[in-house]
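Notes follow the structure.
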Amino acid sequence: MAFSTGNNKYRESTEKIAKLSFAVGVYRPPSEGGSASLLLRITENCPWNKCTFCEMYKGHPFVYRSVEDIKADIDTVKVISDELTAVSGKMGQGGLITREVGMAMLRVDPSLNDNYCFITVFNWLHSGGKTAFLQDADSMIMRPHEIIEVLKHLRGTLKTLTRVTSYTRSKTLARRKLEELKAIREAGLDRLHVGLETGDDELLRIVHKGVTSAEQIDGGKKAMAAGFQLSEYWMPGLGGRERWRQHAENTARVLTAINPDYIRSRPLVPRRGTPMFEEYERGRLTLSSPHERLEELRLMIEGLNVTSRVCFDHNMNSWRNRLGGLLFHQDYEGYKFPEERPFVLELIREGLSIDESRHIDVKNLIAMESL
Ligand code: SF4
């Protein structure tokens, strides 16, 4: 009897939520809170979509979403959030979104377990409702007055948010005026994630990154001057054996000029279905070995003159230490430079001192995937 009373008390909210949806994309940086972040898709896919190593949005056209549609999505999140809070109140949980609240609603409608919008809002609120990540690849491509309108609506509607973050491209940042970036920052966007990959102009052309190193520096410095917290991602191994030295030296040069808050390492793995993978299969790309990548890393780190945090927060930073464990820790805060630079260089020396066969080689990973 008690069970059916519970069902009736929550049925109205559950049925309402089951009919609602908003746009959620696939990709977000690992450092953005896992399921603790609310994901909101304010554009779809990548407006550039030509980088030869990138498989993320290939075959999917870019969509510039209207401000009205995005605001409607934010309102939908608010309705789901309010219904969950109401159920919590009825259960005597004081408005807190606990596991018991989720279980009670799933008992009424088990199909909510497959409802990605419900799950996203539930996990976000369960974690305190603090952070949101705006998808997809280049949010700053939105006209400044439009993204400002979206941000103001987001902050005004979902008031528990303390941090809002997004991806963008260096090229797009370089095109924006400093005043525009400042206005976007003030409207409530806190952190930007940018795929730098390399600071070498020849390599940027080869991989069709669509930006020059001068534009990377201009865009990055403007983002910092506007007050964003900036994460720049670079790609060890991108130059292969042919261009490792210029890749390392120029990446250090560009990152030093920008001095972002975070520098994050994402070693190259050619992905099936990309132009770069075809180049690799045809024998036109020579992948560097684990020791060669460490030499490249050493050169890059030696050239860095920054106050950034340098991070290896991805499982492809898989070099081993003498004991067989990971050489670098893979947490999101990484190593503080310049203080910890000598320590990182010491770790690199350790990685180079052990037999190369004890490291994971990208070539072997690709061969295993082909089995
Ligand atoms: S800009 Fe980013 S998302 Fe777009 S193709 Fe290049 S790497 Fe991929």
Next item on the list: Working from Cα positions, state the angle (0 to 90°, nearest 10) between the long axis of helix 213-225 and the longest principal axis of the chain.
Entry: 40 degrees
Next item on the list: Kindly express, to the nearest 10 degrees and within the range 0 to 90, the angle between helix 67-90's C-alpha long axis and the longest C-alpha principal axis of the chain.
Entry: 60 degrees
Item checked: Sulfur and carbon atoms: percent of accessible area, segment 29-128 [1.4 Å] -> 54 percent
Notebook entry, point to check: If you roll a 1.4 Å probe over segment 151-223 with all protein chains in place, what percent of the accessible area is carbon or sulfur?
Noted result: 50 percent
Notebook entry, point to check: When the convex hull of the Cα atoms of the chain is projected onto a plane and the area is averaged over all directions, what value comes out in nm²?
Noted result: 20.6 nm²
Item checked: the chain: angle of helix 144-157 to the longest principal axis, Cα-based, in degrees nearest 10 -> 50 degrees
Notebook entry, point to check: Per the helix-only calculation at 222 nm, which mean residue ellipticity applies to the chain, given -39500 (n - 2.57) for every DSSP H run of n ≥ 4 and division by its residues, nearest 500 deg cm²/dmol?
Noted result: -14000 deg cm²/dmol
Margin query: For the pair residue 145/residue 202, report the inter-label distance in nm, with labels modelled 7 Å from Cα in the Cβ direction.
Written below: 4.6 nm
Check: Do any cysteines of the chain lack a neighbour Cys whose Cβ is under 4.7 Å away, and which are they?
Finding: 46, 117, 311
Margin query: Can you give me the accessible area per residue for segment 258-344, using a 1.4 Å probe, in Å²?
Written below: 44 Å²
Next item on the list: Please identify which residues in segment 203-240 have an amide N closer than 15 Å to a label point set 7 Å out from the Cα of residue 50, following the Cα→Cβ vector.
Entry: 203-213
Notebook entry, point to check: For segment 247-362, what does the alpha-carbon gyration tensor say about shape, rounded, prolate or oblate, given a ≥ b ≥ c as the root eigenvalues, a/c under 1.5 as rounded, and a/b over b/c as prolate?
Noted result: oblate
Margin query: Let me check the size of segment 28-159 from its C-alpha atoms; what are the radius of gyration and Dmax in Å?
Written below: 16.6, 54
Item checked: segment 22-173 - charge dipole about Cα centre, Lys and Arg +1 at Cβ, Asp and Glu -1, debye rounded to 20 -> 460 debye
Check: Which longest run of the chain has no exposed loop site in it, a site being chymotrypsin sites (Phe, Trp or Tyr not before Pro) in a DSSP loop with at most 15 other beta carbons within 10 Å, and the site itself not part of the run?
Finding: 28-331
Check: If the cut-off is a Cα-Cα distance under 24 Å, which lysines reach residue 71, setting aside same-chain residues fewer than 8 apart in sequence?
Finding: 16, 19, 130, 152, 159, 182
Note to self: If you restrict to DSSP beta bridges whose two residues both lie in the chain, what percentage is antiparallel, to the nearest 5?
What the structure shows: 15 percent
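The values are calculated or read from the model by the stated rules, or taken from the named source; none is laboratory data. The structure displayed is predicted, hence computed values, not measured ones. When we count neighbours, we look across all protein chains shown, and the Cβ atoms used for this are built from the backbone with ideal geometry, even at glycine. Keep in mind that these areas ignore ligands, DNA and RNA; they rest on the heavy atoms of the full protein, side chains included. Shrake-Rupley method; radii C 1.70, N 1.55, O 1.52, S 1.80 Å.
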